[in-house]
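So the structure is just underneath, and the comments pick up after that.
The values are calculated or read from the model by the stated rules, or taken from the named source; none is laboratory data. Computed from a predicted structure; not experimentally measured. Because the Cβ atoms are built from the backbone with ideal geometry, glycine has one as well, and the counts that use them run over all protein chains shown.
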Amino acid sequence: MRSSLVSTATAALVATIAGGGGTLPVVLAAAQAVGATPEQASSWVSGLGLATALGTLALSVRYRMPIIAAWSTPGAALIASTSGVPSFAAAVGAFVLAAVLILLTAAIRPLGRLIERIPASIAAAMLAGILLRLVVAMVEHVPSSPLLVLPLILLFLVARAFMPALASLVLLAAGALIAWALGLVQPIPPLGLSTIVITAPAWDIATLVGLGVPLYLVTMASQNLPGFAVLRASGYTPPTQPILGVTGAVSLGTAFLGAHTSNLAAISAALCTGPDAHPDPARRWMTGPFYAFFWFLIALFGASLVGLFNALPPALLATVAGTALLGSMAGAMGTALAGEKDRLAAAGTLAVTVSGVTLMGVGSAFWGLVFGLLVLGIERLVKRR
């Protein structure tokens with residue numbers, strides 16, 4: 001019994017490290033992109049920790065399933081690649097809109113079906129375009145920091161072959177040591193508790209359409225749907241509407257802390273739903289409370305985490321973020337271009353999204369989706385005639 005409890009706690013700890021440690025640089029890049037101050041970035045991380053912990057604890061205890069929440073990494077990547085957001089308050093307005101749309105999806109079943117009708121190839125192409133820009137940013141640091149970036153890319157390829165779940169964490173630790181040896185690390189601030197910053201949302205139409213709507217779509221298509229698939233593949237029957245309702249509610253509450261959306265986890269959930277977490281599937285739900293505890297700690301010390309990462313060189317953070325998203329980008333591209341029927345529409349979505357173009361104040365992710373659906377609609381209309 002004790003050994004099973006230890007394995008359950010260990011699985012939860014590994015899932016926390018794998019889900020948070022490697023992708024935190026993406027969140028910090030998102031915070032920088034929308035003009036967040038260090039205090040607002042700290043509050044953002046704490047809000048994400050709270051949302052993840054509360055959502056996981058409520059759902060896993062209530063339904064006795066390993067229902068694991070996480071922050072939306074593709075959502076953070078979208079925010080990091082978005083330009084033209086006039087203020088942090090406008091970004092918070094977009095976060096509020098995305099959370100409300102998730103709540104509406106929980107309450108109105110036809111809305112969920114409408115999202116499911118977006119072709120997987122188009123949704124995947126939009127995601128691939130978002131992620132590609134961050135992966136390319138990693139390569140752009142090679143000329144200025146070759147002694148840091150190139151060894152880390154090689155290390156990532158080796159680490160991913162032997163320990164894929166922890167590759168990003170290994171890369172972060174090794175990168176910090178290399179950066180310190182090269183004299184690139186800034187003074188690290190002392191350990192301290194997080195400060196919560198309440199931000200009133202600003203309602204900028206272009207940001208709501210160009211960031212809020214794509215954030216909702218990316219969260220649903222790239223996080224929640226795969227999260228449900230992981231639970232079903234592990235033999236569970238997840239309650240769809242309550243899960244969307246809880247994750248939408250905690251996302252709405254923490255949006256005012258500056259945090260973007262939370263959702264069902266996929267990779268972290270896979271670590272908590274398998275036999276390594278507990279030999280008895282009926283008792284694997286216990287990973288939820290352990291996982292929630294670790295995320296409460298992240299919420300508590302969010303300021304220290306932000307201070308630590310801000311002391312590291314930008315080239316290191318870009319490399320950790322780029323390598324962490326490389327597999328997701330490859331998977332999204334594979335899905336986008338796999339079917340010959342939708343390939344042209346998917347390629348158009350990818351091209352427009354990765355361009356970073358802003359039209360009428362609305363970002364490229366939205367226009368990529370619109371362009372792909374337009375191409376697909378024209379092709380299908382022609383075939384009917």
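Worth pointing out:
- Residue in the range 243-256 that is surrounded by fewer than 24 Cβ atoms within 10 Å (Cβ to Cβ), over 26 Å from Thr37 (Cβ atoms) and polar (S, T, N, Q) present: no
- Search result, residues across the range 107-131 that are part of a helix (DSSP H, G or I), in contact with a Leu (Cβ under 8 Å, 6 or more places away or on another chain) and hydrophobic (A, V, I, L, M, F, W, C): Leu111, Ile115, Ile122, Ala123, Ala125, Met126, Ala128, Ile130, Leu131
- Taking the listed residues Leu215, Leu193, the one that is in contact (Cβ under 8 Å) with a residue 60 or more places away in the chain and crowded, with 19+ Cβ neighbours inside 10 Å is Leu215, with no other qualifying.
- Residue check, Leu257 within 25 Å of Ala106 (Cα to Cα) and in a loop (DSSP other than H, G, I, E, B): yes
- Tallying residues that are in a helix (DSSP H, G or I) and more than 15 Å from the chain's Cα centre (by Cα) within the range 205-247 yields 20.
- One residue from Ser251, Ser304, Ser268 being part of a helix (DSSP H, G or I), among the hydroxyl-bearing types (Ser, Thr, Tyr), out of contact with any Ser or Thr (no Cβ under 7 Å at 6 or more places or on another chain) and closer than 25 Å to Ala91 by Cα: Ser304
- Any hit, the range 24-36, residues being closer than 20 Å to Leu225 by Cα and either crowded, with 24+ Cβ neighbours inside 10 Å or touching a residue at least 60 places away in the same chain (Cβ under 8 Å) (or both): no
- Residue in the range 273-303 that is farthest from Leu147 (Cα to Cα), counting only those that are of a type in the set (Gly, Ala, Ser) and within 21 Å of the chain's Cα centre (by Cα): Gly288
- Checked against (1) over 26 Å from Val34 (Cβ atoms); (2) crowded, with 18+ Cβ neighbours inside 10 Å, Pro164 passes all but a single condition, namely (2).
- Of the residues making up the range 73-83, those that are among the hydroxyl-bearing types (Ser, Thr, Tyr) and either more than 14 Å from Ala94 (Cα to Cα) or at pLDDT 85 or above (or both) number 2.
- Cβ pairs under 7 Å, 6+ apart, first in the range 336-349 and part of a helix (DSSP H, G or I), second loosely packed, with under 15 Cβ neighbours inside 10 Å and modelled with pLDDT of 85 or more: Leu337/Arg343
- Test: Gln40 is surrounded by 20 or more Cβ atoms within 10 Å (Cβ to Cβ) and in a helix (DSSP H, G or I): yes
- Within the range 60-83, tally of residues that are over 19 Å from the mean Cα position of the chain (by Cα) and outside any helix (DSSP H, G or I): 3
- When Leu184 is tested against (1) out of contact with any helix residue (DSSP H, G or I) (no Cβ under 6 Å at 6 or more places or on another chain); (2) part of a loop (DSSP other than H, G, I, E, B); (3) at pLDDT 85 or above, only condition (3) is not met.
- Residue that is nearest to the chain's Cα centre (by Cα), among those in the range 84-138 that are hydroxyl-bearing (Ser, Thr, Tyr) and more than 21 Å from Phe371 (Cα to Cα): Thr105
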